[in-house]
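The structure under discussion appears below in the form of structure tokens.
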Amino acid sequence: MAMIDEPLYPIAVLIDELKNEDIQLRLNSIRRLSTIARALGEERTRREMIPFLSENNDDDDEVLLAMAEELGVFVPYVGGVEHANVLLPPLEGLCSVEETCVRDKAVESLCRIGSQMREADLLEFFIPLVKRLAAGEWFTARVSSCGLFHIAYPSASEILRNELRTIYSQLCRDDMPMVRRAAATNLGKFAATVEPAYLKTDIMSMFEDLTRDDQDSVRLLAVEDCAALGKHLEPQDCAAQILPVIINFSQDKSWRVRYMVANQLYDLCEAVGPEATRTDLVPAYVRLLRDNEAEVRIAAAGKVTKFCRILSPELAVEHILPCVKELSSDSSQHVRSALASVIMGMAPVLGKDATIEQLLPIFLSLLKDEFPDVRLNIISKLDQVNQVIGIDLLSQSLLPAIVELAEDRHWRVRLAIIEYIPLLASQLGVGFFDDKLGALWMQWLKDKVYSIRDAAATNVKRLAEEFGPEWAMQHIIPQVLDMINDPHYLYRMTILHAVSLLAPVMGSEITCSKLLPVVVDAAKDRVPNMKFNVAKVLQSLIPIADQSVVEKTIRPCLVELSEDPDVDVRFFANQALEATEQVMMSS
């Protein structure tokens, strides 16, 4: 009896689990579909499992989403591409459910299966499915159908292609805004498969319907279509049909549409070409930079450098720079922040003279902005300006502001300055650095914020790498080692961290003669946190120090720490002792 029942077992378990009240059990069952399919074999999967899944009307969206995802990779389990059509019915049902993410996943799976199907099967099964969905009574089916046309169209006959274009045109004029939105979203993909002759007529007619839609949510999606369609049209057709639409959209009554134009502007410029950009899109962009909605100005300000790259420096100075000056003192801090994140990139575009004359005053005003993110965005891009105007002028004009920001009340601003210092040091040279910035790194090692102290320790190491061990021995090591006696243990721990970072840069001789004695003395500290950090530092020094130093100095210190009353100190000391033994054994 068991022998007879065995083949039925997998499908029976699947049916039981999918009817269980526990959603997690149902989910696990769906995610095991491929395992069950392998147990059933290809024929029984087609004959029993797929029909059951088509009839399964689970009302939980999570289960349906998992099923839509699984079916997308199910072609090998039903016998390959010649039987791929059996997967269409359950996915067709999922294309009509109310939950958007389930429908989207079902459409994605249908596209994946459709791209593998044979041409004859597409004609027999896939195209009728698209037509059924497009004619669906409930809007959800019609929404889903819009994402399938680009798969169905290339395999269709001339008559069917005409029919599919007509259906898509009807979807672009559907009563439901959600359907029109889906048609607008997928128009670019559909246009890519349509013949050039029909692109200029049928597709552009659909596009015009969408651009005149009374719903701003549809029109803003049509903005994306401008860029997508522009790639498929000839330059003259693009200038005649796409450019007027972009200009109208830049003056649209809905700020969301204007925001989308500002956000997509660079792609739109690429679609219409550099000539049309210079003559027609500059006034539109200037309007967006001066828009009365802050969100639109934020999007436009974020594209200012990219837009200027398309223009000649003269045009940028004449038309865009006046707007940039206005935005640098904009009432919205987010607009100023968006501008600060890209404005440094304008320096290479405008050249040295225009940068010195026009941009430097704007940089200085943004460096002194009350909003920390604005200051932060300027600091992080200073190297772009240095490449254009040179370090001398940069140090004269911006360095005083940088020094001021080194003591900024917002720790993230101080952190950005710290991370920039090694780059600045390499550009300024050792003499200039010692004179202007040498005192800064010491005060950061005693900052109240841990992240600043940690970054300052890393900074010390990077400066030693930049200027060499001799410079570090003269300017860094004495000052760092003096701080090991600081009354606050957190600052003493920072020095230990700095020592562990400096040791590999300074080499064995300086490490053993100058750094190691300080670490060994710190092992007598009264704070347990200091002592177990000493153990960790000593472990990091083992590969650097000579074997005789390890045996005579490091090992005895660790043995003493391994007998400490504190459990953490003993743990790290024993860990370091194991490392010393391994080194001694290997040598």
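The values are calculated or read from the model by the stated rules, or taken from the named source; none is laboratory data. This one's a predicted model, so the numbers in the text were calculated from it and none came from an experiment. Positions of Cβ are backbone-derived with ideal geometry, glycine not excepted, and every protein chain shown enters the neighbour counts. Areas reflect the complete protein model, heavy atoms only, side chains present, ligands, DNA and RNA absent. Shrake-Rupley method; radii C 1.70, N 1.55, O 1.52, S 1.80 Å.
What does the extension gain come out to for Tyr198 and Glu55, with contour length at 0.36 nm per residue minus their alpha carbon separation?
Fully extending the segment from Tyr198 to Glu55 adds 47.5 nm.
For a label point 7 Å from the Cα of Cys101 along Cα→C-beta, name the residues of the stretch 53-90 whose backbone N is under 17 Å from it.
59-71
Ranked from the most accessible area to the least, with a 1.4 Å probe and all protein chains present, what is the order of Ser562, Ser331, Ser365?
Descending accessible area places them as Ser331, Ser365, Ser562.
Which order do Cys146, Cys101 take when ranked by solvent-accessible area (1.4 Å probe, heavy atoms of all protein chains), largest first?
Numbers: Cys146 0, Cys101 60 Å².
The residues order as Cys101, Cys146, largest area first.
Can you give me the distance in nm between label points at Ile23 and Asn574, each placed 7 Å from the Cα along the Cα-to-Cβ direction?
Roughly 4.8 nm, to one decimal.
Calculate the radius of gyration of the Cα atoms of the stretch 153-206 to one decimal place, then report Dmax, the largest Cα-Cα distance, as a whole number, both in Å.
10.8, 30
How large is the helix-only mean residue ellipticity at 222 nm for the chain, computed as the sum of -39500 (n - 2.57) over DSSP H runs with n ≥ 4, divided by its residue count, in deg cm²/dmol to the nearest 500?
Numbers: 41 runs with 385 residues, N = 587.
Here the helix-only value at 222 nm equals -19000 deg cm²/dmol.
Over the chain, what is the relative contact order in whole percent, taking alpha-carbon pairs under 8 Å and six or more residues apart? Kindly include the intermediate steps, with their values, before the conclusion.
Values: 709 pairs, mean separation 29.0, N = 587.
Dividing the mean separation by the residue count of the chain yields 5 percent.
Ignoring ligands and nucleic acids, what accessible area does Arg173 show with a 1.4 Å probe (Å², nearest 10)?
130 Å²
Can you compute the equivalent ellipsoid semi-axes for the stretch 236-279, i.e. the square root of 5 times each eigenvalue of the Cα gyration tensor, sorted largest first and rounded to whole Å? Please report the intermediate quantities before stating the final value.
On the way: eigenvalues 69, 25, 11 Å².
The answer is 19, 11, 7 Å, longest axis first.
If you rank Trp411, Trp444 by how much accessible surface each has, with a 1.4 Å probe, what is the order from largest down?
Trp411, Trp444
Just the accessible area for Thr35, please: 1.4 Å probe, Å², rounded to the nearest 10?
Counting only protein heavy atoms, Thr35 exposes about 70 Å² to solvent.
Remind me, relative contact order of the stretch 109-173 in percent, using alpha carbon pairs under 8 angstrom and six or more residues apart?
Values: 43 pairs, mean separation 21.7, N = 65.
Reported relative contact order: 33 percent.
In units of 2.2 N^0.38 Å, what is the alpha-carbon radius of gyration of the chain? It would help to have the intermediate numbers written out before the result.
Working: Rg = 34.0 Å, N = 587, 2.2 N^0.38 = 24.8 Å.
Compared with the compact-globule rule of thumb, the chain sits at 1.37.
Once ligands and nucleic acids are excluded and a 1.4 Å probe is used, how much of Glu70 is accessible, expressed in Å² to the nearest 10?
Per-residue accessible area (Glu70): approximately 40 Å².
In angstroms, what radius of gyration and Dmax does the stretch 226-304 have, counting Cα atoms only?
Rg and Dmax of the stretch 226-304, Cα atoms, are 11.7, 35 Å.
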